[in-house]
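Chemist: Sharing a structure here in structure tokens format.
Every number here is computed from the coordinates shown, using simple stated rules; none is lab data. Computed from a predicted model, the values in this text were never measured in an experiment. A quick note on method: Cβ atoms are made from the backbone with ideal geometry, for glycine too, and the neighbour counts reach across all protein chains shown.
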Amino acid sequence: MSSVPAYLRRIVLKRDGNRCLKCGSMTNLTIDHVIPLSKGGVTTELNAQAACGPCNVEKDDRIEYWGTDPRVHKMINEHRKGRTARQFDEQKVQRAKKHCLDVIARNKMGMPT
């Protein structure tokens, strides 16, 4: 049974061009966790990549990312510093909330955003 919901699978496969990010295969596609669940990874769009079955099996439980999204590289670096992917995602949400509140406050004071 897959730990990746169907909606997330569709999003990731579309984002990755319906190809394995490592070898380019378009058959036997799976969704791989960049940071495996066994190493504290979570099932999010940022922590998922398209992988064919053989590449996914070969990767095993190692942390490997075959794409170019700098946000994923940052997530991996934060994970290696001891922060979990969940903490990384929560920090992004908190920054976005703060930004929205700042914009609202500036609008109320008539300042440009």
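Chemist: Restricting to the stretch 46-61, name every residue that is surrounded by 15 or more Cβ atoms within 10 Å (Cβ to Cβ) and not in a helix (DSSP H, G or I).
Modeler: Those that are surrounded by 15 or more Cβ atoms within 10 Å (Cβ to Cβ) and not in a helix (DSSP H, G or I): 46, 47, 48, 49, 50, 51, 52.
Chemist: When the residues of the stretch 62-75 are narrowed to those that are outside any loop (DSSP other than H, G, I, E, B) and within 19 Å of residue 93 (Cβ to Cβ), which ends up nearest to the chain's Cα centre (by Cα)?
Modeler: 72
Chemist: Among the residues of the stretch 6-30, what is the count of those that are outside any loop (DSSP other than H, G, I, E, B) and in contact with a helix residue (DSSP H, G or I) (Cβ under 6 Å, 6 or more places away or on another chain)?
Modeler: Filtering the stretch 6-30 down to residues outside any loop (DSSP other than H, G, I, E, B) leaves 6-15, 29-30.
In the following step, the residues that additionally are in contact with a helix residue (DSSP H, G or I) (Cβ under 6 Å, 6 or more places away or on another chain) were identified as 30.
Qualifying residue count for the region: 1.
Chemist: Restricting the search to the stretch 1-39, which residues are under 16 Å from residue 65 (Cβ atoms) and either among the polar types (S, T, N, Q) or more than 13 Å from the chain's Cα centre (by Cα) (or both)?
Modeler: Hits for the stretch 1-39 are 17, 19, 20, 21, 22, 23, 24, 30, 39.
Chemist: What are the residues in the stretch 1-45 that are among the basic types (Lys, Arg) and surrounded by fewer than 16 Cβ atoms within 10 Å (Cβ to Cβ), if any?
Modeler: Of everything in the stretch 1-45, those that are among the basic types (Lys, Arg) and surrounded by fewer than 16 Cβ atoms within 10 Å (Cβ to Cβ) turn out to be 10, 14, 15, 39.
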